[in-house]
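The values are calculated or read from the model by the stated rules, or taken from the named source; none is laboratory data. Computed from a prediction, not measured in an experiment: that's the story for all the values here. Positions of Cβ are generated from backbone atoms using ideal geometry, with glycine treated the same way; all protein chains shown enter the neighbour counts. Surface areas here come from the heavy atoms of the whole protein model, side chains and all, with no ligands, DNA or RNA. Shrake-Rupley method; radii C 1.70, N 1.55, O 1.52, S 1.80 Å.
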Amino acid sequence: MSVEHTKHAGAASDDLDLRDLDVVVVGAGMAGLYLLHRLRNEGFSAKGLEAGDDVGGTWYWNRYPGARCDIQSVDYSYSFDPSLETEWTWSERYATQPEILSYLQHVADKHDLRDDIEFSTRVESARWDAAANRWRLRTDQGTEVTCRHYVMATGCLSLPKSPEIEGADQFAGEVYFTSRWPHEGVDFTGKRVAVIGTGSSGIQSIPIIAEQASELTVFQRTPNFSIPARNGPVRQDKLDAIAGRHAEYREEAKWSRGGVPGEPPELSALQVSEDERNVAFEEAWEAGELAILGVYNDILTNPASNELLAEFIRNKIRSIVDDPEVAETLCPTDYPFGTKRPCLDTGYYETFNREHVSLVDLRKHPITTITETGLNTTTDSYEFDVIVYATGFDAMTGAIVSVDIEGREGQRLADKWSAGPKTYLGLTTVGFPNFYMITGPGSPSVLSNMAVSIEQHVDWVTDCLVHLRAGGFDTIEPTEEAEEGWGLHVNDCANITLYPQANSWYMGANVPGKPRMFLPYVGGVDAYRQACSDVVENGFMGFELTGPGKRSGTSGIVRRLQPDVAFLLDMMASMDLPPYESMSAVDARAFGEAASAERPPGPEVGEIVDGTFPGAAGDLTYRLYRPATPGPHPMVLYFHGGGWVLGSEQSDDPLCRDLCDRSGAMIVSANYRHAPEDRFPAAPDDAVAALEWIHENAEALGGIPGQLAVAGWSAGANLAAVVAQHARDNDGPTITGQLLLTPVTDGDLDTVSYRENGEGYGLTKPLMEWFWDHYLDPSDRTDPRASPLRASSLAGLPPATVITAEFDPLRDEGVAYAKAMAAAGVAVHHIPARGHTHISIPMVDVMLSAAPIRQEMAEAIQSFFPVVATV
Ligand code: NAP
């Protein structure tokens with residue numbers, strides 16, 4: 001459907017008052033239009049400044065043939081105006097650029113937004129005037145605009161990247177950029193055309209250009225994964241999902257991971273049979289949606305799962321493209337699927353079966369120069385009538401820093417961001433009061449349905465301005481602490497995915513010299529929305545609000561847990577599990593074993609041997625994990641966690657496998673007697689017996705005599721510390737190192753970490769009380785064999801690596817033990833595991849964020865021995 005609209009062309013008109021506005025909005029795309037609408041409805045004086053001569057933003061500029069959205073149009077559209085849902089009917093699943101532009105023009109007309117926009121006006125600079133608490137903007141029309149609040153609604157993919165090809169200005173034929181396409185269109189009929197670039201813009205335009213051109217040569221640097229869009233009328237199942245429940249459907253989108261309603265996948269690609277997986281892949285391929293990325297829950301986190309889908313798509317490419325060599329050139333092989341933005345196409349791969357279309361692999365034959373008549377590669381010369389650059393954008397930050405923005409104390413945003421953007425919530429940045437970015441770096445933006453993310457940011461900013469006005473505040477600015485915390489969280493989210501592995505525009509890698517960092521927030525639209533709401537509900541946490549004689553806002557960091565740790569804790573809370581301390585020890589053990597049976601097994605090791613050794617009061621079991629490398633190996637005597645009540649030599653199996661695999665050392669997990677059946681000092685007595693036995697039998701076990709370290713987790717780390725003290729005090733056996741993972745070191749539960757983390761982080765204070773009470777009498781709590789921190793001296797102990805978790809009740813006693821050992825002259829390496837809990841670090845293949853910590857632990861083990869052969 002297309003609706004007549006009135007177009008405002010031309011430069012800023014004289015009759016508009018551009019001084020002392022409440023808000024200036026830069027950009028009149030999807031974000032700017034809705035923002036102006038909301039600001040006006042809230043009674044703010046606001047103006048939009050737009051470089052183009054009409055509304056539309058990305059859909060105004062990107063008019064290349066074949067341009068269309070790749071999120072279904074019923075989703076990629078506004079939700080704020082319910083009447084739009086019925087008065088506008090999309091003609092296709094994925095609407096064309098002209099239809100989307102008409103839609104935005106319709107919205108602008110319907111809500112009478114054009115009067116509030118200065119078209120053909122580009123903002124060149126913006127300066128914060130601290131004396132006046134106002135922004136002063138200069139435009140290319142020579143106008144100065146002043147405003148209290150300044151919003152960049154300039155889009156994530158709006159500043160074209162220069163093609164960076166030598167001789168680009170020499171070509172005498174026609175030159176076009178997909179991102180700045182002529183309004184009158186281009187006729188390629190009978191022309192020899194080159195297209196450089198095979199991202200979304202190239203992949204959409206190539207099949208259509210091929211329809212007209214007499215010859216088309218595609219210059220590909222990196223092949224892209226593309227899925228057939230299977231465009232057509234909006235499908236009935238989609239219409240059914242929305243019919244009669246628009247508002248609910250839109251609400252579901254707001255609380256979905258990617259901004260489109262849908263159930264998140266529960267299974268890993270590796271949890272199903274090959275047949276089942278191929279059926280699922282085939283269905284996703286047939287569906288023609290980017291939702292293929294979520295067909296399993298680990299496509300973007302597990303390289304093995306990702307490769308299965310990547311190879312499925314490569315096989316599709318091979319089946320479509322006739323020439324096997326061309327097919328292989330079109331197959332991406334050097335980055336995981338999805339880590340560069342995948343595309344939806346219409347006949348892209350088929351185009352390469354046409355006689356007059358050829359593909360040049362720039363990896364094999366790079367362009368050396370553009371010439372007056374065409375271009376040269378290292379091996380060939382080509383002549384063309386037209387060159388089309390589909391070479392992309394300086395994404396996410398380019399448009400923002402292309403304005404010379406100067407904040408408090410003369411700081412330039414471009415300088416502040418020279419090592420990469422720093423933002424709070426992707427909305428604001430320290431040093432730039434009353435400055436906002438719609439879908440800025442550090443927000444879900446390009447990883448989501450932009451329409452949903454845009455509306456969320458616009459609502460957040462507008463509600464914030466209403467709050468400031470109601471409270472009499474003039475300024476708002478984030479704190480350093482909040483911004484740094486958000487930056488860590490954005491990185492933490494990215495680092496558990498495969499995204500950082502690709503040279504993508506998400507990483508800034510497409511622009512030479514741009515700092516390499518993952519720019520958007522990958523934690524999900526739902527999680528992000530919750531974080532933004534939490535900030536507001538907690539009194540604008542991480543912001544400082546100022547007004548005449550007043551200050552507001554609260555300090556703090558809105559997200560401190562590692563994202564996968566938070567996810568697990570939420571899941572555990574929703575399961576409403578009975579607390580261990582409500583059970584008998586026997587039932588608690590059965591419960592723990594049942595839970596352990598569900599976990600991933602951990603990596604393969606060379607060999608696993610089960611056996612018995614003489615404990616202090618009878619035989620006990622052990623499990624030995626031998627590396628795959630030729631022996632003999634250095635040995636680590638390991639004690640499991642479980643509060644001296646739960647567990648066995650097998651209960652930390654995945655962790656033992658992981659440490660063995662990563663360190664190349666042999667791990668021997670020795671059991672010990674448990675309370676309440678065998679109370680203190682049964683466990684330390686057995687631990688000492690295990691130490692003596694392993695020392696005496698090192699050679700027989702395949703170990704290197706004299707190369708023996710101790711390790712443990714939680715109560716097991718307590719035992720490791722205790723046997724280290726015992727060996728020191730009893731002339732051996734010699735221990736070369738102690739690896740203490742979140743150790744129990746003291747029976748005093750009155751610490752800050754107990755107060756802060758005693759509930760809600762897996763291990764609770766009531767559970768630790770239950771463990772201690774089962775283990776020993778209160779009067780024994782100060783015995784150094786129970787509380788090694790209480791030893792009269794810690795001097796002379798073997799080198800130690802102590803890992804403490806930020807959200808662990810035991811954190812402070814672990815830190816205290818590390819400090820006390822260091823003070824006594826012991827070589828101590830302390831690893832504070834940021835955002836982790838007591839239970840998260842041993843969760844192999846569950847807590848991806850813990851893998852680097854376990855790697856550090858493995859390196860610590862290696863450091864305990866002279867030479868360790870790594871696998
Ligand atoms: P892009 O994805 O960055 O693709 C640019 C292409 O140009 C890449 O193949 C790149 O190769 C190549 N290139 C860049 N400089 C080059 C050079 N000097 N020599 C040779 N090749 C060069 O840009 P885009 O296609 O415009 O798409 C950008 C984003 O916009 C998309 O990822 C998508 O998010 C959005 N978009 C969406 C739609 C849609 O909704 N349907 C349509 C268009 C765009 P390398 O990969 O080797 O750098």
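Only one of these is in contact (Cβ under 8 Å) with a residue 12 or more places away in the chain and surrounded by 21 or more Cβ atoms within 10 Å (Cβ to Cβ): VAL466, VAL535, VAL511. Name it.
Being in contact (Cβ under 8 Å) with a residue 12 or more places away in the chain and surrounded by 21 or more Cβ atoms within 10 Å (Cβ to Cβ) holds for just one of VAL466, VAL535, VAL511, which is VAL535.
For SER319, indicate whether it is without any contact (Cβ under 8 Å) to a residue 24 or more places away in the chain, open to solvent by 30 Å² or more (accessible area, probe 1.4 Å) and either within 26 Å of VAL260 (Cα to Cα) or among the hydroxyl-bearing types (Ser, Thr, Tyr) (or both).
Taking the combined requirement at face value, the residue satisfies it.
Name the pairs: first residue in the stretch 45-56 and on the phi > 0 side of the Ramachandran plot, second residue part of a loop (DSSP other than H, G, I, E, B) and at pLDDT 95 or above, Cβ to Cβ under 7 Å, at least 6 apart or on different chains?
Sorted first by the residue in the stretch 45-56, then by its partner, the pairs are GLY56/GLY29.
Would you please name the residue that is surrounded by the fewest Cβ atoms within 10 Å (Cβ to Cβ), looking only at residues in the stretch 179-194 that are of a type in the set (A, V, I, L, M) and more than 12 Å from the ligand (Cβ to nearest atom)?
Filtering first and then ranking leaves VAL186.
Test each condition in (1) in a loop (DSSP other than H, G, I, E, B); (2) in contact with a Lys or Arg (Cβ under 8 Å, 6 or more places away or on another chain); (3) farther than 20 Å from LEU646 by Cβ; (4) not acidic (Asp, Glu) for ALA795 and report the one that comes out false.
(2)
In the stretch 22-75, how many residues are aromatic (Phe, Trp, Tyr) and either within 16 Å of the ligand (Cβ to nearest atom) or open to solvent by 30 Å² or more (accessible area, probe 1.4 Å) (or both)? Walk me through how you get there before you give the answer.
Step one: of the stretch 22-75, the residues aromatic (Phe, Trp, Tyr) are 34, 44, 59-61, 64.
Subsequent filtering for residues that are either within 16 Å of the ligand (Cβ to nearest atom) or open to solvent by 30 Å² or more (accessible area, probe 1.4 Å) (or both) retains 59-61, 64.
Number of matching residues: 4.
Which members of the stretch 612-669 meet the condition of being within 35 Å of the chain's Cα centre (by Cα), crowded, with 24+ Cβ neighbours inside 10 Å and charged (D, E, K, R)?
Of everything in the stretch 612-669, those that are within 35 Å of the chain's Cα centre (by Cα), crowded, with 24+ Cβ neighbours inside 10 Å and charged (D, E, K, R) turn out to be ASP652, ASP658.
Sort out which residues of the stretch 14-59 are in contact with a strand residue (DSSP E or B) (Cβ under 6 Å, 6 or more places away or on another chain) and assigned to a loop (DSSP other than H, G, I, E, B), and write them in order of number.
Residues satisfying the conditions are LEU18, ARG19, ASP20, ALA28, PHE44, SER45, GLU50.
Filter the stretch 491-508 down to residues that are in contact with a Gly (Cβ under 7 Å, 6 or more places away or on another chain) and open to solvent by less than 30 Å² (accessible area, probe 1.4 Å), then give me how many there are.
Step one: of the stretch 491-508, the residues in contact with a Gly (Cβ under 7 Å, 6 or more places away or on another chain) are 492-493, 505.
Pick out the ones that are also open to solvent by less than 30 Å² (accessible area, probe 1.4 Å) and you get 492-493.
Qualifying residue count, the stretch 491-508: 2.
What pairs come out if I take residues in the stretch 642-666 that are in a loop (DSSP other than H, G, I, E, B) and pair them with residues that are among the charged types (D, E, K, R) and at pLDDT 95 or above whose C-beta lies under 7 Å away, six or more apart or interchain?
Every condition considered, the pairs that remain are LEU646/ARG589; GLU649/ARG623; GLN650/ARG623.
In the stretch 546-565, which residues are surrounded by fewer than 21 Cβ atoms within 10 Å (Cβ to Cβ) and over 19 Å from TYR521 (Cβ atoms)?
Listed by number, the residues that qualify are THR546, GLY547, PRO548, GLY549, LYS550, ARG551, SER552, THR554, SER555.
State whether the residues of the stretch 785-808 include one that is closer than 23 Å to ALA566 by Cα and either among the acidic types (Asp, Glu) or open to solvent by 20 Å² or more (accessible area, probe 1.4 Å) (or both).
Yes: the stretch 785-808 contains one or more residues that are closer than 23 Å to ALA566 by Cα and either among the acidic types (Asp, Glu) or open to solvent by 20 Å² or more (accessible area, probe 1.4 Å) (or both).
Can you name the residue in the stretch 397-413 that is assigned to a loop (DSSP other than H, G, I, E, B) and either in contact with a Ser or Thr (Cβ under 7 Å, 6 or more places away or on another chain) or free of Cβ contacts under 8 Å to residues at least 40 places away in the same chain (or both) and is also nearest to the ligand (Cβ to nearest atom) among such residues?
Taking the stretch 397-413 as the starting set, the residues that turn out to be assigned to a loop (DSSP other than H, G, I, E, B) are 397, 402-403, 407, 411.
Cutting the leftovers down to either in contact with a Ser or Thr (Cβ under 7 Å, 6 or more places away or on another chain) or free of Cβ contacts under 8 Å to residues at least 40 places away in the same chain (or both) gives us 403, 411.
Numbers: VAL403: 21, GLN411: 30 Å.
Selected residue: VAL403.
Do we have THR143 as hydroxyl-bearing (Ser, Thr, Tyr) and either more than 30 Å from PHE352 (Cβ to Cβ) or over 38 Å from the mean Cα position of the chain (by Cα) (or both) here?
Considered against the rule, which asks whether it is hydroxyl-bearing (Ser, Thr, Tyr) and either more than 30 Å from PHE352 (Cβ to Cβ) or over 38 Å from the mean Cα position of the chain (by Cα) (or both), THR143 comes out as yes.
For residues that are open to solvent by 30 Å² or more (accessible area, probe 1.4 Å) and either part of a helix (DSSP H, G or I) or among the small types (Gly, Ala, Ser) (or both), tally how many sit in the stretch 473-486.
Number satisfying all stated conditions: 3.
Please work out which one of (1) under 17 Å from LEU569 (Cβ atoms); (2) more than 30 Å from the chain's Cα centre (by Cα) is the condition SER863 fails and give its number.
It fails just one condition, (1).
Within the stretch 195-233, take every residue that is open to solvent by less than 10 Å² (accessible area, probe 1.4 Å), under 36 Å from the mean Cα position of the chain (by Cα) and more than 11 Å from the ligand (Cβ to nearest atom) and give me the one that is farthest from GLY288 (Cα to Cα).
PHE225
Considering each of PRO500, PRO515 in turn, give the residue that is within 16 Å of the chain's Cα centre (by Cα) and either farther than 26 Å from VAL25 by Cα or of a type in the set (D, E, K, R) (or both).
Result: PRO500 is the single residue among PRO500, PRO515 that is within 16 Å of the chain's Cα centre (by Cα) and either farther than 26 Å from VAL25 by Cα or of a type in the set (D, E, K, R) (or both).
Check whether at least one residue in the stretch 414-427 is out of contact with any Pro (no Cβ under 6 Å at 6 or more places or on another chain) and in a strand (DSSP E or B), and report yes or no.
no
Return the residues of the stretch 404-432 that are open to solvent by less than 10 Å² (accessible area, probe 1.4 Å) and either over 27 Å from the mean Cα position of the chain (by Cα) or at pLDDT below 95 (or both); say none if nothing qualifies.
ILE405, GLY407
Which of the numbered conditions does THR86 fail, given that it passes all the others? Conditions: (1) modelled with pLDDT of 95 or more; (2) surrounded by fewer than 21 Cβ atoms within 10 Å (Cβ to Cβ).
The number of the failed condition is (1).
If I filter the stretch 498-516 down to residues being in contact with a helix residue (DSSP H, G or I) (Cβ under 7 Å, 6 or more places away or on another chain) and outside any helix (DSSP H, G or I), which single residue comes out as farthest from the ligand (Cβ to nearest atom)? I'd like the intermediate steps shown before the answer.
If we filter the stretch 498-516 for residues that are in contact with a helix residue (DSSP H, G or I) (Cβ under 7 Å, 6 or more places away or on another chain), which is where we start, we get 498-500, 506-507, 516.
Narrowing further to those that are outside any helix (DSSP H, G or I): 498, 516.
Working: LEU498: 16, ARG516: 13 Å.
Among them, the one singled out is LEU498.
Does the stretch 701-711 contain any residue that is closer than 21 Å to ARG790 by Cβ and either touching a residue at least 24 places away in the same chain (Cβ under 8 Å) or of a type in the set (Asp, Glu) (or both)?
yes
I'd like the full set of residues that are away from the ligand (no atom under 12 Å from the Cβ) and buried (at least 16 other Cβ atoms within 10 Å of the Cβ), limited to the stretch 158-173.
Scanning the stretch 158-173 gives PHE171, GLY173.
Cβ-Cβ distance below 8 Å, separation of 6 or more or different chains: which pairs start in the stretch 145-159 with a residue that is under 16 Å from ASP404 (Cα atoms) and end on one that is open to solvent by 30 Å² or more (accessible area, probe 1.4 Å) and of a type in the set (S, T, N, Q)?
Within 8 Å, the pairs are LEU159/SER402.
Among the residues of the stretch 242-287, write down those that are under 18 Å from ILE71 (Cβ atoms), within 22 Å of the chain's Cα centre (by Cα) and open to solvent by 70 Å² or more (accessible area, probe 1.4 Å).
Residues satisfying the conditions are GLU252, TRP255, ARG257, GLU263, PRO264.
Against the condition of a type in the set (A, V, I, L, M), more than 16 Å from the ligand (Cβ to nearest atom) and under 30 Å from ARG221 (Cβ atoms), how does MET583 come out, does it pass?
So MET583 does not fit the description; no.
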